[in-house]
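Take a look at the structure below.
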Protein chains: 2
Amino acid sequence: MMDEGIGRMHDAIPSLPAEQATLCRLMSMVGKRMDEGLEEKLKPHQLNHSEFLTLMILHSRPDGSSTPGELCEFTSQGSTNMTRIGNALVQRGLVSRGASAEDRRCVLIRITAAGRRFVQKMLPPMFPHTEAMFAGFSAAERKQFSRLLRKLAKNLDQLDAEQAS
Amino acid sequence: MMDEGIGRMHDAIPSLPAEQATLCRLMSMVGKRMDEGLEEKLKPHQLNHSEFLTLMILHSRPDGSSTPGELCEFTSQGSTNMTRIGNALVQRGLVSRGASAEDRRCVLIRITAAGRRFVQKMLPPMFPHTEAMFAGFSAAERKQFSRLLRKLAKNLDQLDAEQAS
DNA sequence: AGTTTATAATTCACTGGTGAAATAAATTGT
DNA sequence: ACAATTTATTTCACCAGTGAATTATAAACT
């Protein structure tokens, strides 16, 4: 379907790089699909993607804490949105928010004991789904896939850097 | 960075399928990055991703026309949003909206001559960027990448189908 | 020391997208 | 033929995320 469409575009505009355009569409579509699947799994827990990711990152930090600014970097969210995410998670008692001792401009966000328990409980039931997504992928294919994705990511970094300059 | 984080999660919860989780994160991140790059390129033309995609699909149809319902399917947009997209494109004179003769419930959306000219003009300057994203990818790698993405897409379809039943 | 500049977080107004209800036309069953 | 069901689109109310302006603190300059 998509292939036909891009094929016809290529007929109309022969300079169109059909193969690359197809890969773009695939990345975009499949990425979106994956995210929707995850969001589905998170719905019962009343979390959205970025709240979940924020909580995961906090959980995975040695001391369980970070600042809004850092979390923005790690989650690729804007600071505006991180404020809201913080509000949501604090409200549910999964994280705490306090002033930083060293730099009083900063806020310290820390996962609570309840937050850790919540993660430990809600995470494992998601694993079967995660594994099923890659059913039929050999270890070599997974490795290759990872390599290609990282290569693409690097090119995108490169392009961003060029554009910024 | 992400690898370390997932590694520490794996330490805390050993049943976590680290490799698959990493691939999920990569897909999500890289897909998002690609979309942002595209959006950037579209901004000068005052189009967003879904308006662009809708216009592309119309352009690539043999007769240059479709219905909102079809366009929803093809773009994976909700019908609500397609109404807005239609409004935006009609307002700019890139597409026209009229009643369908066969089924009077349907609306017929058709790309205009101005719409086609617009596409022909704005598309080619985007090609270098599209090609640059896959710089350093051999033909074999591109093919492999496409294969893996389609395989993943198939698994996701499968999972959706199971869940629906 | 005191002014300027830079950084961190928040608030506000807006955009893009979603779900539920409303409307209208076609299809099905009797 | 006509009532009931299904399908197509739109409208309305809401959610998630973004950019610009605001406030507070820290760092740099003179």
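Readers should treat all values here as calculations from the given coordinates under stated rules, not as data from a laboratory. Computed from a predicted structure; not experimentally measured. Here the Cβ is made from the backbone with ideal geometry for all residues, glycine too, and neighbour counts use every protein chain on show.
Among residues of chain A, the one whose Cβ lies closest to the rotation axis carrying chain A onto chain B, together with that distance rounded to whole Å, is A:G31, 1. Less than 5 angstrom separates the built amide H of A:V95 from those of A:V90, A:T112, all sequence-distant by 5 or more or on a different chain. Phi-derived couplings, Karplus 6.51 cos²θ - 1.76 cosθ + 1.60 at θ = phi - 60°, listed residue by residue for the stretch B:42-54: 7, 3, x, 9, 6, 10, 9, 3, 6, 5, 4, 4, 4 Hz, with x used for Gly and Pro. Computed from Cα atoms alone, the Kirkwood hydrodynamic radius reported for the protein assembly as shown is 22.0 Å.
Phi angles of the stretch B:135-149 translate, via the Karplus equation with coefficients 6.51, -1.76, 1.60 and θ = phi - 60°, into HN-Hα couplings of 4, x, 8, 6, 4, 5, 5, 4, 5, 4, 4, 4, 4, 5, 5 Hz per residue; Gly and Pro are given as x. Taking the Cα atoms of the stretch A:46-133, the ratio Rg/Rh between the radius of gyration and the Kirkwood radius comes to 0.99. Put a point 7 Å out from Cα along the line to Cβ at A:Q46; what are the distances to that point in the other copies, in nm, shortest first? Distances to the matching label points in the other copies: 4.3 nm.
Exposure proxy ranking for A:E73, B:E102, A:E51, based on other Cβ atoms within 10 angstrom of each Cβ and starting from the fewest, stands as B:E102, A:E73, A:E51.
Within the listed set A:A139, A:A113, A:A99, the Gaussian network model of chain A (springs between alpha-carbon atoms below 10 Å) gives the highest mean-square fluctuation for A:A139. Phi angles of the stretch B:83-88 translate, via the Karplus equation with coefficients 6.51, -1.76, 1.60 and θ = phi - 60°, into HN-Hα couplings of 4, 5, 4, x, 3, 4 Hz per residue; Gly and Pro are given as x.
When only the Cβ of Lys, Arg, Asp and Glu is charged (+1, +1, -1, -1), the dipole of the stretch A:1-43 relative to its Cα centre reaches about 140 debye. Cβ crowding within 10 Å ranks A:V90, B:V119 as A:V90, B:V119, fewest other Cβ atoms first.
Loop-located trypsin sites (Lys or Arg not before Pro) in the stretch A:26-128 (DSSP state other than H, G, I, E, B) with a sparse environment of at most 10 neighbouring Cβ atoms within 10 Å: A:R104, A:R105. Distant-in-sequence amide contacts of A:T67, defined by a placed amide H-H separation under 5 Å and a gap of 5 or more residues or a different chain, comprise A:I109.
Treating chain A as a set of equal point scatterers at the Cα positions, no solvent, please give the Debye-formula log₁₀ I(q)/I(0) at q = 0.15, 0.16, 0.17 Å⁻¹. For chain A at q = 0.15, 0.16, 0.17 Å⁻¹, log10 I(q)/I(0) is -1.03, -1.11, -1.17. Secondary-structure-derived ellipticity at 222 nm for chain B, considering helices only, amounts to -22000 deg cm²/dmol, per-run term -39500 (n - 2.57) for DSSP H runs with n ≥ 4. Remark on A:C106: its backbone amide H falls under 5 Å from those of A:S100, a criterion applied only to residues 5 or more positions apart or on other chains, H modelled at 1.01 Å from N.
For A:S165, inter-copy separations between label points set 7 Å beyond Cα along the Cβ vector come to 5.5 nm, shortest first. The magnitude of the dipole of the stretch B:119-158, with charges of +1 and -1 set on the Cβ of Lys/Arg and Asp/Glu and taken from the Cα centre, is near 180 debye.
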